[in-house]
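Structure record follows, encoded as structure tokens.
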Amino acid sequence: MNALPQALAPPRPAEHAELEALALRVREHCLRLATGGGCFIGASLSCADLLVYLYSRVLNVRPDTLGDPGRDYLLLSKGHDVPALYATLAELRFFPVERLRNHLKTTDSIYWHPNRAVPGVEFHSGSLGHLLAVGIGIALDIRLRGGRNRVFVVLGDGELDEGSVWEACLVAAAQRLDNLVAVVDRNGLQANCRTEELVPLEPLPAKFESFGWSCRTVDGHSFADLDEAFSNLPARAGHPTAIVARTRRGQGVGSLEDRPDRWFADFTAGEVEALVRELHGGGPSRLVSEGRMVR
Amino acid sequence: MSAPATYEQALRALAAEREDVVVMTAENRAHIRGLPALGPRFIDVGICEQTMIGAAAGLALRGRTPVVHALASFLTLRAFEFIRTDVGLPRLPVKLVGFVPGLLSEANGPTHQAIDDVAVMRAIPGMQVFCPADLDELVSALPAIVASRAPAYVRYTGAAPAVDHVEPFAIGKAEVLAHEEGVSILTYGPLLREAERARRVLTARGVPVHLVNLRTLEPVDEPALLDALRAAELVVTLEDHFHRGGLHTIVAETCLKHRLAPRVLALDLGSSFFKPALLADVLADQGLSGERIAERILDALCPREASA
């Protein structure tokens, strides 16, 4: 990495308590984006801990090294969980937190799926099943240049229905890309359905392993578990690593947890305040907005 | 060093010159057999067109210029959304080379017929579309295609020279091979050879011909098109593509834009897949051999009796 003045680097949380506090702020931002047009709140809350952890503890990237070819890459393949990414990036000063207020405004690029015009977003997504392939290209080039940096691709479990994910899994293993890590946000729900009731994915770790990957399964909401999962990568030299993070849609806000009908939500301002209170330890929110089928 | 004689030599020379060039294929190696010699800059992903395009986008994000290869129909159709979303949207310099486009899939059948490829590729904003007439033209165009920072689609051909080329290749420039006012024949790709044959027949019959080899369909050479459209008694759009979305559509768009209403004869594949066979038989069956093209143009100029 380029030597950059330490003063430019933002503070990165070190202790689990700091990570918890950051994740709480990220979740609050997500809830505040779920009004005035709404957002994919359920998916965002499910991967908030993962993104907070990756950007705080794992990824070698900072606002001042975004153009450095030696940085680590994170690609958000599922895409619709972008409020959690934007909130994490904003909290870590990749761009001003105030910019989140531009959500859904035509004057900015902050909408329901990622746009790489926003600092920290490496590539756009929204169409499922693309970014593992894009990650392969980035990982290939890093290897060509003899770099030691890594590529992390966050996938949704519903996204694993797409054949292109498994095509890319075959190719990544064939290319022996051990600088590539797939992180599956395994919340068990896809849009309106439970994955195991629609197109069952289990045994998921065995699937990755049979495709030539190493696979670790962890509690995606436990920073202690994540410490273990993301240490000593790659899990096996010469093989890509999959980390299946068991998560819960809506995590952190009981009224939204594990609800097939709370994938996308456009709450009233009053509901958002109630949900924020609930996030911070208040009682269950009284929601008047009906759950929505989106897809 | 002598000029490259094959596509493979041309690409190898470019890769030697330019560190950014990486060669990719979805296990289609017929015309790049020796390129594994590039070592890690040759990437064969297997029969995975979508992953190849996504990976090409990733490589391009890192500053590479991937030149990717697959059969044209699977490249442009199976991987279409990856091309449109991962290459087209961010306008990454990925060069898509489609093998056996147009009639060149010969006897493979409709699955392999890339005869809507121009339509779908030129629908992507910023995508350049190149249709060389023969191997010489492809080889001479390749350095400019790779040097361009735009995404590009190339209809591959290994054909022997269609004509004696008179103009060096430049992106967006057509080659005008005959300049007479009368019938303007507009074409691209290997059909140029048949167009030249038709031109000779017509000339012998006293019909003056203006013959344009488009070379680049996007961006198209509008001044060359306007020259051909304005002077002609009859304009012929000749292409191995469905009627919709190819050169005929480009000409129609140009006419509307410039308020022109020339008489146009469309010689193309209409809305039908062609009968699979060897190329000479396909040309005859489709009425696209030089002789049949000339006859069809003469018919259009002097219609025979309906009862004949």
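Numbers for the structure displayed
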{"read-out": "Pick from region B:54-66, criterion part of a helix (DSSP H, G or I) and facing chain A (nearest Cβ under 7 Å), ranking: surrounded by the fewest Cβ atoms within 10 Å (Cβ to Cβ)", "value": "B:Leu61"}
{"read-out": "Verdict on A:Leu201 being under 26 Å from A:Ile142 (Cα atoms) and either modelled with pLDDT of 95 or more or in contact with a Cys (Cβ under 8 Å, 6 or more places away or on another chain) (or both)", "value": "no"}
{"read-out": "Enumeration of residues in region A:233-255 that are surrounded by fewer than 17 Cβ atoms within 10 Å (Cβ to Cβ) and in contact with a Pro (Cβ under 7 Å, 6 or more places away or on another chain)", "value": "A:Gly254"}
{"read-out": "All helices (runs of 4 or more DSSP H) inside region A:176-240 with 1 or more residues being within 20 Å of the chain's Cα centre (by Cα) and farther than 21 Å from A:Gly79 by Cα", "value": "A:204-210, A:223-229"}
{"read-out": "Residue within region B:67-74 that is part of a helix (DSSP H, G or I) and either surrounded by fewer than 24 Cβ atoms within 10 Å (Cβ to Cβ) or touching a Cys at 6+ places or on another chain (Cβ under 6 Å) (or both) present", "value": "yes"}
{"read-out": "In region A:68-87, residue nearest to the other protein chains (Cβ to nearest Cβ) [restricted to those that are buried (at least 24 other Cβ atoms within 10 Å of the Cβ) and charged (D, E, K, R)]", "value": "A:Lys78"}
{"read-out": "Candidates A:Val183, A:Val153, A:Val118, A:Val82, filtered to the one that is of a type in the set (Val, Ile, Thr), touching a residue at least 24 places away in the same chain (Cβ under 8 Å) and touching a Gly at 6+ places or on another chain (Cβ under 6 Å)", "value": "A:Val153"}
{"read-out": "Hits in region A:127-165 - residues which are part of a helix (DSSP H, G or I) and more than 10 Å from every other protein chain (Cβ to nearest Cβ)", "value": "A:Gly158, A:Glu159, A:Leu160, A:Asp161"}
{"read-out": "Boolean, B:Asp44 is out of contact with any Cys (no Cβ under 9 Å at 6 or more places or on another chain), more than 7 Å from every other protein chain (Cβ to nearest Cβ) and either more than 21 Å from B:Cys131 (Cβ to Cβ) or of a type outside the set (Gly, Ala, Ser) (or both)", "value": "yes"}
{"read-out": "Filter result for the condition that a residue is under 13 Å from B:Leu238 (Cα atoms) and in contact (Cβ under 8 Å) with a residue 12 or more places away in the chain, over B:Leu177, B:Leu191", "value": "B:Leu191"}
{"read-out": "Filter result (of a type in the set (A, V, I, L, M, F, W, C), in a helix (DSSP H, G or I) and farther than 17 Å from A:Ala265 by Cα) within region A:27-81", "value": "A:Leu50, A:Leu51, A:Val52, A:Leu54, A:Val58"}
{"read-out": "Options B:Val120, B:Val87, B:Val100, B:Val129; residue that is of a type outside the set (Asp, Glu) and within 14 Å of another protein chain (Cβ to nearest Cβ)", "value": "B:Val87"}
{"read-out": "Search result, residues across region A:94-126 that are of a type in the set (Lys, Arg) and away from chain B (no Cβ under 12 Å)", "value": "A:Arg99, A:Arg101, A:Lys105"}
{"read-out": "Any hit, region A:220-232, residues being hydrophobic (A, V, I, L, M, F, W, C), more than 17 Å from A:Val58 (Cα to Cα) and surrounded by 14 or more Cβ atoms within 10 Å (Cβ to Cβ)", "value": "no"}
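Yes or no, residue by residue, for (1) assigned by TED's automatic domain parsing to the domain that holds B:Glu106; (2) at pLDDT 95 or above; (3) more than 22 Å from B:Val120 (Cβ to Cβ); (4) in contact with a Ser or Thr (Cβ under 6 Å, 6 or more places away or on another chain):
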{"position": "B:Glu218", "(1), (2), (3), (4)": "no, yes, no, no"}
{"position": "B:Leu225", "(1), (2), (3), (4)": "no, yes, no, yes"}
{"position": "B:Ala231", "(1), (2), (3), (4)": "no, no, yes, no"}
{"position": "B:Leu234", "(1), (2), (3), (4)": "no, yes, yes, no"}
{"position": "B:Gly246", "(1), (2), (3), (4)": "no, yes, no, no"}
{"position": "B:Ile250", "(1), (2), (3), (4)": "no, yes, no, no"}
{"position": "B:Ala261", "(1), (2), (3), (4)": "no, yes, yes, no"}
{"position": "B:Leu269", "(1), (2), (3), (4)": "no, yes, no, no"}
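The values are calculated or read from the model by the stated rules, or taken from the named source; none is laboratory data. Since we're looking at a predicted model, the values are computed, not measured. Glycine also receives a Cβ, built like all others from the backbone with ideal geometry; neighbour counts cover every protein chain displayed.
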